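First the structure, in the form of structure tokens, and then the observations on it.
The values are calculated or read from the model by the stated rules, or taken from the named source; none is laboratory data. What you see is a predicted model; the values in this text were computed from it and never measured. Backbone-built Cβ (ideal geometry, glycine too); neighbour counts: all protein chains shown. Note: areas computed on protein heavy atoms with side chains; ligands, DNA, RNA excluded. Shrake-Rupley method; radii C 1.70, N 1.55, O 1.52, S 1.80 Å.
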Amino acid sequence: MTESFADSVISSNTWATLGFRIVPEILTAVKARLAADRRSSGNAKLAVGHYLDAALRNAPTEVGEQVASAQAFLTRRMGVVDSGRQSTYRVGPQAQALATSLNAALQEADHARKGIFVVSAALESLLASLDAEGELPSPSMFAREG
């Protein structure tokens, strides 16, 4: 998470705005974590795009793994999910590359319209990791370490 934020500031010229669909319950959870992280870190500049970028940096890149990720996400919810609305978020180059090829790759593999579940699963995984790590520390903590 902190790497994504730092990259968005340091290399802002490489970040772009893209459209994403995220399962509403996952987006709600991301926004709740965002609010908590803004409080604990004192960083009011954190945005949903930073979480999305961090999640996609760790998302599967192989189509078979993406399909498995989407299937597992759907299975945990017994196939009952709301597709939500498309929104735009700023993400870095790695997330851009994955996002721009995701839907076409899934369609070619006969798994069209599963991109939302791959993205949502990646966010769900990031949230679980962040929950395990606890509160997001203040950026000044990293400055003292360096």
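With the Cα gyration tensor of region 1-116 in hand, give its eigenvalues times 5 under a square root as the equivalent ellipsoid semi-axes, listed largest first in whole angstrom.
Largest first, region 1-116 gives 25, 18, 11 Å.
Using θ = phi - 60° and the Karplus form 6.51 cos²θ - 1.76 cosθ + 1.60, what ³J(HN,Hα) does each residue of region 118-131 get, whole Hz, x for Gly and Pro?
With coefficients 6.51, -1.76 and 1.60, one gets 5, 5, 5, 5, 5, 5, 4, 5, 4, 4, 5, 5, 5, 4 Hz.
Per residue, how much accessible area does region 11-53 have with a 1.4 Å probe, in Å²?
Computed with neighbouring chains in place, this is 45 Å² per residue.
Note the full-extension length gain between residue 47 and residue 28 as 0.36 nm times their separation in residues minus their Cα-Cα distance, in nm to one decimal.
On the way: separation 19, 0.36 × 19 = 6.84 nm, distance 1.31 nm.
Full-extension gain reported as 5.5 nm.
How tilted is helix 48-57 with respect to the longest principal axis of the chain? Cα atoms for both, answer in degrees (0 to 90, nearest 10).
For helix 48-57, the angle is close to 60 degrees.
Take the chain, mark every one of the GluC sites (Glu not before Pro) that falls in a DSSP loop and has at most 14 other Cβ within 10 Å, then report the longest stretch left between them, sites excluded.
Longest gap between qualifying sites, sites excluded: 63-134.
Quick one: pull the percent of accessible area on the chain belonging to carbon and sulfur, 1.4 Å probe, ligands and nucleic acids left out.
Carbon plus sulfur share of accessible area: 51 percent.
Taking only protein heavy atoms and a 1.4 Å probe, what accessible area per residue, in Å², does region 72-140 have with all protein chains in place? Write down the numbers at each step before the final one.
Numbers: 4050 Å² over 69 residues.
Result: 59 Å² per residue.
Which value in deg cm²/dmol, rounded to the nearest 500, describes the helix-derived mean residue ellipticity at 222 nm for the chain, given -39,500 (n - 2.57) per DSSP H run of n ≥ 4 and division by the residue count? Walk me through the intermediate numbers first.
Working: 7 runs with 93 residues, N = 146.
Taking each H run of at least 4 residues, the total per residue is -20500 deg cm²/dmol.
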